[in-house]
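Only one structure is covered here, and it is reproduced in the block below.
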Amino acid sequence: MVAITLPDGSIRRYDAPVSAEQVARGIGKRLAAEALVARIDGRLTDLAAPIDGDARLELITRDRPEALEILRHDCAHVLAEAAKELWPDIQVTIGPAIEDGFYYDFARATPFTPDDLAALEVRMREIVARDEPIRREVWERQRAIDFFKSAGEHYKAEIVADLPVDVPISIYSQGRFTDLCVGPHLPSTGRLGTAFKLMKVAGAYWRGDHRNPMLQRIYGTCWRNEKELKDYLHRLEEAERRDHRRLGREMGLFHFQEEAAGMVFWHPKGWTLYRTLERYMRGRLERAGYVEIKTPQLMDRVLWEASGHWEKFRQNMYVTESEERTFALKPMNCPGAVQVFNQGLKSYRDLPLRLAEFGACHRYEPSGALHGLMRVRAFLQDDGHIFCTEAQITEESVRFTELLRSIYADLGFAEVSVKFSDRPPTRAGSDAVWDRAEAALRTAIEATGLPYSMNPGEGAFYGPKLEFVLRDAIGRDWQCGTLQVDFVLPERLDAEYVGEDGARHRPVMLHRAILGSFERFIGVAIEHYAGRLPLWLAPVQAVVATIVSESDGYAQHVRQRLLGAGLRVEGDLRNEKIGYKVREHTLAKVPLMLVVGKREAEQGSVALRRLPGGEQEVLALGEAVDRVLTEAKAPGG
């Protein structure tokens, strides 16, 4: 007798082993038609997998979160089957599901063309229409190796040969296509649907090693239904329109060049934006009780060895030698902050001590990973290190999260989620220390009342952390802020304070950042606002533009009034039509235009126009200056 417990608590009993597919048919035809895979005792499996003992069973349908990864993985298999049908000599390698889609790597002498992708899509839809059953078998290892070698699939044979001896050789077949895969998969290709699209071709080394042959990787996207696919493609179009690299060029903010790969050349307008954001952050931190420090860029490897960074982070550090000593550009600010704390004996009365640093860091990132402002090698962190007692962790964490959420709101990000990242595989400190740190951080986040999700194994090497994730205007998530509880670094770098009992104690170190990397955050903000930054943050807040040359003198007077009030203003006295000027400054993402002509000069007024497409309002000059000044005031001031 087999007892199957369903999610609603009901139990179905069978006299012999049964499959999830049979259970689904017994419940109803509709569920049987909609089920994609099953979860048996917490593990995802094929619907056809036998259940030969008592078990808990969930049937996974398209509307469940788990369904997307299954659909995308099956889409990769259908792509591989289509490629083998169109080009029988092609070799298939690996094809996993990834965020928003899937890919498959192929060994093919001839490069894929756009026409090839179109032909593949057509064939994929034919395979779906065939509704081919998908079957799983477990093969003996040598049988699998011989099969793939005989089929000319030498990469697959290599994968099988390299699998640990205790791993079953799981084989899936659909139509005439057979692949090595752990599964699970849909019961048939027809369940996949047609909400997929092939996106692009890229190169990829076999097994990610540049010494191996170069393969061709076809990327695709796959969704539950046509609406989700259409929405995703729209988001891609919108993301392209908002690309900070293009907008940065159009707005004259920054550029990159090969002589300093991954490092930003800030132009005057971009540097104005940068300094405006830094000035705002500095003011918020000062009012929150932080004192600012500045630590060296270059420090002896002895310090990095003591902190643990040399062992755990050496591959990402830039190193130089001088006078027979080895130095490293700092990839992180924390060891320097401990050195500041260690100058002069601290008392418990000095805690919490909140040290802020706008610290310039350098980290080696592979050239292929660089991406505009989003992934650079030189960046500034709005770093902070709070030295406190263990009893102060919760209060300081709550205080920090309130500050962080207020700053994000000021910067236009209303949706913020939190991830709890616990101990990584490579870490410093004992398990007992990590137990204490994780418990303290969990108590702290629960005290904030904020919901959070787990992000297993993604903590820093010296402590668990909270990751604060912003959602932008088109629904993309960006991890920016962090809060980390660290018992390890104060111990390694011998930080201590005198407690109420007169004895020496180790402080707890809270590492925290709000924006994270200034460079990356500016890139996120540019894309969030599609370049149309809030008035207080815009590098050029207004342009004074003339209609006729007779008003040039008055235009200069208006500009000087605005500059004198502390506003960032340019003048446009060119002999061009006003419509041309409006279009040009709209493209440059300038928020305001103050238009002056002969009448405005005579009346001492301006025509205030909001870009893009805003209505024009005629105001006396003094009133216009006051209004713009009020609107341009930085929030949180």
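Where strands (runs of 3 or more DSSP E) sit wholly within the range 511-600, those with at least 1 residues that are open to solvent by less than 30 Å² (accessible area, probe 1.4 Å) and touching a residue at least 40 places away in the same chain (Cβ under 8 Å) occupy 542-546, 592-596.
Taken over the range 442-477, the criterion of being within 17 Å of ILE407 (Cα to Cα) and aromatic (Phe, Trp, Tyr) is satisfied by PHE468 alone. Among the residues examined, ARG235 qualifies as outside any strand (DSSP E or B), touching a residue at least 60 places away in the same chain (Cβ under 8 Å) and open to solvent by 20 Å² or more (accessible area, probe 1.4 Å). Kindly evaluate SER417 against the criterion of being touching a Pro at 6+ places or on another chain (Cβ under 8 Å) and either buried (at least 21 other Cβ atoms within 10 Å of the Cβ) or not in a helix (DSSP H, G or I) (or both). For SER417, the condition - touching a Pro at 6+ places or on another chain (Cβ under 8 Å) and either buried (at least 21 other Cβ atoms within 10 Å of the Cβ) or not in a helix (DSSP H, G or I) (or both) - is met.
The condition (being at pLDDT below 95 and either of a type outside the set (Lys, Arg) or within 30 Å of ARG436 (Cβ to Cβ) (or both)) is satisfied by just one residue among GLY571, GLY579, GLY531: GLY579. In the range 373-408, the qualifying residues are those that are in a helix (DSSP H, G or I) and hydroxyl-bearing (Ser, Thr, Tyr), and the one that is nearest to ALA513 (Cα to Cα) is THR401. Every condition in (1) within 18 Å of HIS511 (Cα to Cα); (2) surrounded by fewer than 21 Cβ atoms within 10 Å (Cβ to Cβ); (3) within 23 Å of the chain's Cα centre (by Cα); (4) among the hydroxyl-bearing types (Ser, Thr, Tyr) holds for THR448 except the one numbered (3).
Considering (1) assigned to a strand (DSSP E or B); (2) surrounded by 14 or more Cβ atoms within 10 Å (Cβ to Cβ); (3) more than 38 Å from the chain's Cα centre (by Cα), the lone condition that LEU57 does not fulfil carries the number (3). Select, from ALA38, ALA49, the only residue that is within 34 Å of the chain's Cα centre (by Cα) and not aromatic (Phe, Trp, Tyr). Result: ALA38 is the single residue among ALA38, ALA49 that is within 34 Å of the chain's Cα centre (by Cα) and not aromatic (Phe, Trp, Tyr). The condition of being modelled with pLDDT under 90 and acidic (Asp, Glu) does not hold for ASP54.
Any idea how many residues of the range 344-368 are within 14 Å of MET263 (Cβ to Cβ) and under 20 Å from the mean Cα position of the chain (by Cα)? Number of matching residues: 6. Restricting attention to the range 350-366 and to residues that are not aromatic (Phe, Trp, Tyr) and not in a strand (DSSP E or B), the residue that is least open to solvent (accessible area, probe 1.4 Å) turns out to be LEU351. Against the conditions (1) in contact (Cβ under 8 Å) with a residue 24 or more places away in the chain; (2) aliphatic (A, V, I, L, M); (3) over 19 Å from ARG224 (Cα atoms); (4) surrounded by fewer than 19 Cβ atoms within 10 Å (Cβ to Cβ), ALA109 satisfies every one except (1).
Is there a residue being under 19 Å from the mean Cα position of the chain (by Cα) and either modelled with pLDDT of 95 or more or small (Gly, Ala, Ser) (or both) anywhere in the range 252-263? Yes; the residues of the range 252-263 include at least one that is under 19 Å from the mean Cα position of the chain (by Cα) and either modelled with pLDDT of 95 or more or small (Gly, Ala, Ser) (or both). Applying a threshold of 6 Å to beta carbon distances and a minimum spacing of six or more residues, or different chains, the list of pairs starting in the range 7-33 at a residue that is on the phi < 0 side of the Ramachandran plot and surrounded by 11 or more Cβ atoms within 10 Å (Cβ to Cβ) and ending at one that is of a type outside the set (A, V, I, L, M) and in a helix (DSSP H, G or I) reads ALA32/ARG25.
The values are calculated or read from the model by the stated rules, or taken from the named source; none is laboratory data. Since this is a predicted model, take the numbers as computed values, not measurements. Cβ coordinates were reconstructed from backbone atoms using ideal geometry, including for glycine residues, and neighbour counts include every protein chain displayed. Surface areas here come from the heavy atoms of the whole protein model, side chains and all, with no ligands, DNA or RNA. Shrake-Rupley method; radii C 1.70, N 1.55, O 1.52, S 1.80 Å.
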